[in-house]
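Step one of this worksheet: look at the structure below.
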């Protein structure tokens, strides 16, 4: 067993943390402390304080159905998810996750009581240190989520919605939430808004600008003839759009601020749904990285524990077995294939970066001159974890060697052609193409349809005009779109027209329209 | 680091969501419940269980791209044979290269199984139904009674003598009438004995003796216990509601009954069973099948074993009558009967059937339901007037006379539940009062 996982040098001085499968709270505490030593001391991770909560099966199913959050408002869809998960679990079709971790401060990490001691060790290394570090340091999370406030906010949301149910009736609230949930994927701000500058930084900026102007001053510019100023007066239409901040891709935000007929409590609930959607926005963009970071961390830590003699050989084998299952990537023609496994890809890339730092080949020198042969691979990884998201990460760090290992290839499917065509494979000409194509798969701008509110005449018929810029002429799924537009019309209170537009030619490919149902959300005027 | 043990937190955190979901999907669940009940045996029909809901019914829509059309990229792992520029025939079913892109959380379009608890199941099943008013009449007339204490009475058997109450009455009467107490008399006697009869105490003694005689007379005139004082414990009888029911399933199993018809009948029996089970603690089911002769059988034989022969309905009624006489006394059992038949009967038997039903069966029954099952899609040539069956005609006459009996025709599975609901739908309060 001694040659497993790069062991060999370690002299076993310490007693194992535990033997066998049983654990109790002192074991968990011991394990946590041992891991903390390695994670903070040796790997230099920077984490929120941990709060580890032991839960049972039903509670895990609960957590599943409310997207992992410990407290959530009530809605039938969570009951549905719970029922489905429970049925699948009881039928043995689906195992439960070993853990769920919440991006909050302190970082809450649920561990299942059924786990063996080895699994608890793995879970603590994976979630309480891997994910935790990522949550605390990645720029997207820093920018978009407020780990200190999220639990309080959820508490508020639950209380507010319960209060609304009491006051306005469960049905009214349920309809509103249905509509809001349908638009949830389009209820996020994709780009950080400029922060309002405070006086001090404004002053600095003004001074810098003046210095720059002085440096580049040249009197000759004055002598140039002035351009004719024809585009001086913006039309009334442009002004109107500017006032409403159009075009606007955050549909929930737009409705919350502008929908003419919503009541104040309805706006507040839209806001709640929108803020929760925003909170999860970074997670959907960092799946590969987040899992890669956590998986790499637990792999490193478990091996170190074994090296130090804190983990018995038997427990190590148990860990390796579970780890191998997690990072398994079946080929496209395998019946088990269901897309690229983010754990597999993320873990492989992290290991690859480590390899590029420690044992760079000539190819690596050429592709990654900045990191090839770097002295401290952990520093490189920490930097990567802090400053990239999936798309940029893959574009930057997917190495030719990995493309070969995974046997990645790119197939183009044009509906106008009778056959599919292989665009690129793992060869010299293909590497860049594959990097780009795979990165695009993780770019949220490509995966989510681009839908924007473009115009509305509040003084006229108040019809809301929404555009879908149909990337590659892929239209929206018709049936669902009809339902969602109906919800949108109900919220808006007037007609809604959606145009699907080919971004290349600006021609309209398809139109959908919806009229609000009277009395569904808005107080019936009749 | 903190470790928190959450296992002890109250469970059922999701109950509120579940209830909301059930309310939302009520019509779907109701339909599913009712379809699933057909596949269960009668006695298991009201157990908890799983039902399959169509996924579409509780769909959560969102904007997403359609699965076909336009230009799309696929990036797949595990290349073994392809080189750049190869063409691949388009796989059936859309998504390229065999990749099932699927929806992100594995949300398929399959039905999903939904486990209902027993109560939830039965609640949904029997919404808005109740036993016919006849049941109430029956309860009032029931001969089984229980006795309850109901105060005191002045008459009764010696065994029920209320001693305390009697003595109390006697005491108050004695006090009121100033009956001399025994120790009072005793003291008087002692005093007399202590006085010397010949002396200056003589007149005093005489006086005392006179008082003693007066008191003795008084105590003999006023009895210690007078019949006026006597009280008996009183009992009143209350009719005891019969908490058990027996359900007779009568079915024609002659050759003319197809599988389809038996299936219809079974569904009806299941409904009735669940319904009775809800109302009574203890429900027995008796299966009687008949051709030209009838016998009592078990459930499996009842539904599954084929029989041939003619059709004589009265034989089944006779068997039922004898089973009732033997095991199910109408005093202690509520008797329900459901008969399923395709309506055939030997012509000569109709009269006998009618008289048996009116004279012996209906008087002991709470309710008698007749279900005439037909073929799924019966077509008659135009101009051909469909004649009512023999049994139908016979029973119509009985029904009109106001007997506790109902009859319906059913041709398709989907009609069973409506028919059942129709039979047991809650009546208006006024009709209830009439019968009561």
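The values are calculated or read from the model by the stated rules, or taken from the named source; none is laboratory data. What you see is a predicted model; the values in this text were computed from it and never measured. As a convention, Cβ positions derive from the backbone with ideal geometry for all residues, glycine included, and neighbour counts pool all protein chains shown.
Got at least one residue in region A:290-303 being over 30 Å from residue A:19 (Cα atoms) and at pLDDT 90 or above? Show your work before the answer.
Of the residues in region A:290-303, the ones over 30 Å from residue A:19 (Cα atoms) are A:290.
Pick out the ones that are also at pLDDT 90 or above and you get A:290.
Yes, some residue in region A:290-303 is over 30 Å from residue A:19 (Cα atoms) and at pLDDT 90 or above.
Taking into account only those residues within region A:458-477 that are over 26 Å from the mean Cα position of the chain (by Cα) and not in a loop (DSSP other than H, G, I, E, B), which is nearest to residue A:262 (Cα to Cα)?
Step one: of region A:458-477, the residues over 26 Å from the mean Cα position of the chain (by Cα) are A:458-465.
Subsequent filtering for residues that are not in a loop (DSSP other than H, G, I, E, B) retains A:464-465.
Numbers: A:464: 15, A:465: 18 Å.
The selected residue is A:464.
Hey, could you check region A:397-440 for residues that are free of Cβ contacts under 8 Å to residues at least 12 places away in the same chain and outside any loop (DSSP other than H, G, I, E, B) and say which is farthest from the other protein chains (Cβ to nearest Cβ)?
So the residue we want is A:432.
Looking only at region B:68-79, which residues are surrounded by fewer than 20 Cβ atoms within 10 Å (Cβ to Cβ) and either in contact with a helix residue (DSSP H, G or I) (Cβ under 9 Å, 6 or more places away or on another chain) or more than 7 Å from every other protein chain (Cβ to nearest Cβ) (or both)?
Initially, region B:68-79 is screened for residues surrounded by fewer than 20 Cβ atoms within 10 Å (Cβ to Cβ), giving B:68-71, B:73, B:78.
Across region B:68-79, the qualifying residues are B:69, B:70, B:71, B:73, B:78.
Across region A:321-332, which residue is farthest from residue A:345 (Cα to Cα) among those that are away from chain B (no Cβ under 14 Å) and either touching a strand residue (DSSP E or B) at 6+ places or on another chain (Cβ under 7 Å) or touching a residue at least 12 places away in the same chain (Cβ under 8 Å) (or both)?
Step one: list which residues in region A:321-332 are away from chain B (no Cβ under 14 Å), which gives A:321-326.
Those still in the list that are either touching a strand residue (DSSP E or B) at 6+ places or on another chain (Cβ under 7 Å) or touching a residue at least 12 places away in the same chain (Cβ under 8 Å) (or both) too: A:322-323, A:326.
Working: A:322: 17, A:323: 14, A:326: 11 Å.
Selected residue: A:322.
Of all helices (runs of 4 or more DSSP H) completely enclosed by region A:45-144, which ones contain at least 3 residues that are within 23 Å of the chain's Cα centre (by Cα), farther than 26 Å from residue A:160 by Cβ and at pLDDT 90 or above?
Details: elements: A:57-65, A:76-90, A:117-123, A:132-137, A:139-144.
Those helices (runs of 4 or more DSSP H) span A:132-137.
Looking at region A:234-251, I want the residues that are surrounded by fewer than 13 Cβ atoms within 10 Å (Cβ to Cβ) and have a partner that is assigned to a helix (DSSP H, G or I) with Cβ atoms under 9 Å, at least 6 apart or on another chain. Which pairs are those?
Here the result reads A:234/A:242, each pair linking region A:234-251 to a residue that is assigned to a helix (DSSP H, G or I).
If you scan region A:478-513, which residues turn out to be over 31 Å from the mean Cα position of the chain (by Cα) and surrounded by 14 or more Cβ atoms within 10 Å (Cβ to Cβ)?
Across region A:478-513, the qualifying residues are A:493, A:494, A:495.
Does residue A:38 meet the test of being surrounded by 19 or more Cβ atoms within 10 Å (Cβ to Cβ), part of a strand (DSSP E or B) and either modelled with pLDDT of 75 or more or more than 10 Å from chain B (Cβ to nearest Cβ) (or both)? Steps first, answer last, please.
On the way: surrounded by 19 or more Cβ atoms within 10 Å (Cβ to Cβ): yes; part of a strand (DSSP E or B): no; either modelled with pLDDT of 75 or more or more than 10 Å from chain B (Cβ to nearest Cβ) (or both): yes.
Considered against the rule, which asks whether it is surrounded by 19 or more Cβ atoms within 10 Å (Cβ to Cβ), part of a strand (DSSP E or B) and either modelled with pLDDT of 75 or more or more than 10 Å from chain B (Cβ to nearest Cβ) (or both), residue A:38 comes out as no.
For region B:113-213, which fully contained helices (runs of 4 or more DSSP H) count at least 3 residues that are over 30 Å from residue B:271 (Cβ atoms) and modelled with pLDDT under 80? Break it down into steps so the answer makes sense when it comes.
Working: elements: B:118-125, B:134-141, B:163-176, B:182-194.
It comes to none.
Do you know which residues across region B:319-339 are surrounded by fewer than 20 Cβ atoms within 10 Å (Cβ to Cβ), touching a residue at least 24 places away in the same chain (Cβ under 8 Å) and closer than 20 Å to residue B:354 by Cα?
Across region B:319-339, the qualifying residues are B:321, B:323.
Please tell me if residue A:261 is more than 14 Å from every other protein chain (Cβ to nearest Cβ), within 30 Å of residue A:459 (Cβ to Cβ) and buried (at least 23 other Cβ atoms within 10 Å of the Cβ). Show your work before the answer.
Working: more than 14 Å from every other protein chain (Cβ to nearest Cβ): yes; within 30 Å of residue A:459 (Cβ to Cβ): yes; buried (at least 23 other Cβ atoms within 10 Å of the Cβ): no.
When the stated conditions are applied, residue A:261 does not pass them.
Residue by residue, here is whether (1) within 14 Å of another protein chain (Cβ to nearest Cβ); (2) closer than 30 Å to residue A:15 by Cβ; (3) surrounded by fewer than 19 Cβ atoms within 10 Å (Cβ to Cβ); (4) in contact with a strand residue (DSSP E or B) (Cβ under 9 Å, 6 or more places away or on another chain) holds:
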{"residue": "A:319", "(1), (2), (3), (4)": "no, yes, no, no"}
{"residue": "A:335", "(1), (2), (3), (4)": "yes, no, yes, no"}
{"residue": "A:341", "(1), (2), (3), (4)": "yes, no, no, no"}
{"residue": "A:365", "(1), (2), (3), (4)": "no, no, yes, no"}
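Do we have residue A:158 as more than 14 Å from chain B (Cβ to nearest Cβ) and either closer than 30 Å to residue A:520 by Cα or assigned to a helix (DSSP H, G or I) (or both) here?
Criteria not met by residue A:158.
Can you tell me how many residues within region B:397-422 are more than 22 Å from the chain's Cα centre (by Cα) and part of a helix (DSSP H, G or I)?
7
List the pairs whose first member sits in region B:10-23 and is at the interface with chain A (Cβ under 7 Å from one of its Cβ atoms), whose second member is in a loop (DSSP other than H, G, I, E, B), and whose Cβ atoms are under 6 Å apart, counting only residues at least 6 apart or on separate chains?
Sorted first by the residue in region B:10-23, then by its partner, the pairs are B:16/A:74; B:17/A:74.
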